[in-house]
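Shown next, in structure tokens, is the structure this report addresses.
The values are calculated or read from the model by the stated rules, or taken from the named source; none is laboratory data. No experiment lies behind these values; they were computed from the predicted model shown. Here the Cβ is made from the backbone with ideal geometry for all residues, glycine too, and neighbour counts use every protein chain on show.
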């Protein structure tokens, strides 16, 4: 019995940077009660005309999916923490259009939907946090060339066994890593088992093995902190969903980049200073990608990868940038 009208994304208000809210219930089709009523009232603020009856029906679900699309969130109709947060604290009209462009793009060859959803969420929280589009594009380019969300590093080197790193050989020998974790995802294993393994490795100061995990293949103590984020996202469950893992990794990336105790804290201000003359350009995105590659992600063949990721950053920047034909409208709406 609920009806909805979709809202043009470039009419959303901007409220600036916010913190993630984690106390809200996850809602989906079939849910009932006061939390659903609150959801329906929030959706109506975005131009919908849903009956506030506390019944999460098919049209409430359709309104949620429309909202997710507009704001660069995974379009699954599930109201998770990230949906609640953005619904209460919408991104600016400019950022909303950038996110929509990224979601609608068909030119980037994503290996899977996991990767596309991950990039969209990282873009959302970085833009919401006030980072320039070019810098966001630089980070997305690096993530694009890395692994999938929640994926364990593979220890299978059947075609070239001699190139297998020693730490993975140790993991296979001591912890049966090849059977239990290699190539799998965090969504398919027990969080408590992973925590138990990491505790053992950390106790030996990572001298008896380590492994890469997640979209950036974090290792060692960084991997340990990532798993802590997974645990928080999963709440009381011993398993984590893909959406929760995407949110956990995105928030962890932001935490690392802003941690004053980490070397990464200087990357952003150094980039802004070096590109002060033109922060809003494809070339600035190129420079951001290269700086993040060399100082944050540090992959093998780093110099070659930095150049490649810089080229990808330019593509992503151009994809996300609103066309000139609607820039005038956006600038008028947000007072540029």
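In table form, for the structure just shown:
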{"read-out": "Test: residue in segment 6-24 that is at pLDDT 90 or above and at negative phi", "value": "no"}
{"read-out": "Residue 190 vs. criteria under 23 Å from the mean Cα position of the chain (by Cα), surrounded by fewer than 16 Cβ atoms within 10 Å (Cβ to Cβ) and either in the same structural domain as residue 252 (by TED's automatic domain parsing) or more than 18 Å from residue 227 (Cα to Cα) (or both)", "value": "yes"}
{"read-out": "Which numbered condition residue 62 misses (of (1) buried (at least 18 other Cβ atoms within 10 Å of the Cβ); (2) touching a helix residue (DSSP H, G or I) at 6+ places or on another chain (Cβ under 8 Å))", "value": "(2)"}
{"read-out": "Any hit, segment 118-138, residues being in a loop (DSSP other than H, G, I, E, B), at pLDDT 90 or above and in contact with a helix residue (DSSP H, G or I) (Cβ under 6 Å, 6 or more places away or on another chain)", "value": "no"}
{"read-out": "Residue 106 being assigned to a loop (DSSP other than H, G, I, E, B) and free of Cβ contacts under 8 Å to residues at least 40 places away in the same chain", "value": "yes"}
{"read-out": "Criterion (in contact (Cβ under 8 Å) with a residue 40 or more places away in the chain, assigned to a helix (DSSP H, G or I) and closer than 24 Å to residue 81 by Cα) met by exactly one of 215, 192", "value": "192"}
{"read-out": "Residue in segment 85-99 that is under 13 Å from the mean Cα position of the chain (by Cα) and outside the structural domain of residue 60 (by TED's automatic domain parsing) present", "value": "yes"}
{"read-out": "Every residue from segment 146-159 that is surrounded by 15 or more Cβ atoms within 10 Å (Cβ to Cβ) and out of contact with any strand residue (DSSP E or B) (no Cβ under 9 Å at 6 or more places or on another chain)", "value": "146, 154, 155"}
{"read-out": "Of all residues making up segment 312-336, the number that are outside any helix (DSSP H, G or I) and either at pLDDT 95 or above or crowded, with 16+ Cβ neighbours inside 10 Å (or both)", "value": "2"}
